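To start, the structure itself, in C-alpha cells.
Derivation of every value follows stated rules applied to the coordinates shown; laboratory data play no part. If you're wondering where the values come from, they're calculated on a predicted model, not measured in any experiment. In this analysis, Cβ positions are derived from the backbone assuming ideal geometry, glycine residues included, and neighbour counts consider all displayed protein chains.
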Amino acid sequence: MASPLDTLDKIVGSVEGLVRAKGKKGIAGIWTDDHAIIGAAAQTKALGIKKFDTISPFPLHGIDEAMGIPRSFIPWVTFIMGLAGCAFGTWFTWWTSAVNWPIIIAGKPHWSLPAFVPIIFECTILFAALSSVGAMFALNGLPKIDPPTIDPDLTCHKFAIFVPEDDPNYDADKLESLFKEHGAIEVKKAEF
C-alpha cells in the first residue's frame, strides 16, 4: 500500500509535468540591434521556415509582418465577452429588481435603466477583461515553470531568433550563415 507521501509526490509530479515547459532543440541567433533582427526574421520566413520565434525584451515594430504572424483573435474574444457581460448585467439587474425582489420605492418603476448603468458597465468590463486574460493564458500556454533559457541577457538588451529542429525546412548551416549575414553576434545550438 502506498503511503500518503508517495501519493502526494505522484500528484505533484503529474502537475509539474503539465505546467513544466517542454523545450525543443534547435538553432538560435542572437543580436544586439533590434533593426537587424527584423530583417533576419523576414529572410528566415523567406527561406520557408514556419516554426520560428523571436525573443525580445520589448515589442518590436514590424516584427509581426516580418514573421508573417496574422492578427490576433483576442480582440474578438474581448468584444464578444464584453457583449455577453453587458447582456448579463442588463438581465441580472432586471431580474433582481423586477422579478425576484420587486419593491416600489418613491413611485419609481421596478426596473429603470439609468439606475443600473454602472452595474451593467462593470459587468461588461469584468467579462471582457477576465476573458482576455484567460484567452492569453491559454494562447501562450501559461503557466510555464522553469522554461529553458537561450541567453540570460535576452530580457534586457539582446534579441534572438530560435528555429526548432522539427521545422520541415530546417537546415542549420543555411540558418547559421543567414544569421551571421544579418549581423548576429552569436549563433548557437539551443533549447527553447
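Taking Cα pairs under 8 Å and at least six residues apart, what relative contact order does the stretch 62-192 come out at, in percent?
Values: 81 pairs, mean separation 34.0, N = 131.
In percent, rounded to a whole number, it is 26.
Going highest first, how would you order 136-142, 182-188, 94-100, 23-29 by mean Cβ packing within 10 Å?
On the way: 136-142: 10.7, 182-188: 17.1, 94-100: 13.3, 23-29: 20.4.
Packing order, densest peptide first, comes out as 23-29, 182-188, 94-100, 136-142.
Shape call for the chain from the C-alpha gyration tensor, a ≥ b ≥ c root eigenvalues: rounded (a/c under 1.5), prolate (a/b greater than b/c) or oblate?
Working: a/c = 3.80, a/b = 1.88, b/c = 2.02.
Verdict is oblate for the chain.
Treating the beta-carbon of each Lys and Arg as +1 and of each Asp and Glu as -1, no other charges, what is the dipole magnitude of the chain about its Cα centre, to the nearest 20 debye? Walk me through the numbers on the way to the answer.
Details: 16 positive and 21 negative charges, 134 e Å.
Roughly 640 debye, rounded to the nearest 20.
Mind listing P(r) for the stretch 74-140? All alpha-carbon pairs, 10 Å bins, whole percents.
Binned Cα distances yield the sequence 23, 39, 22, 12, 3, 0.
What list of ³J(HN,Hα) couplings, whole Hz, do you get for the stretch 74-79 from phi and the Karplus terms 6.51, -1.76, 1.60, once you set θ to phi - 60° and write x for glycine and proline?
4, x, 5, 4, 4, 5
How would you rank 104-116, 34-46, 62-74, highest first, on the average number of other Cβ atoms within 10 Å across their residues? Before the final figure, lay out the partial values.
Numbers: 104-116: 10.5, 34-46: 19.4, 62-74: 13.0.
Taking the mean over residues of other Cβ atoms within 10 Å, the ranking is 34-46, 62-74, 104-116.
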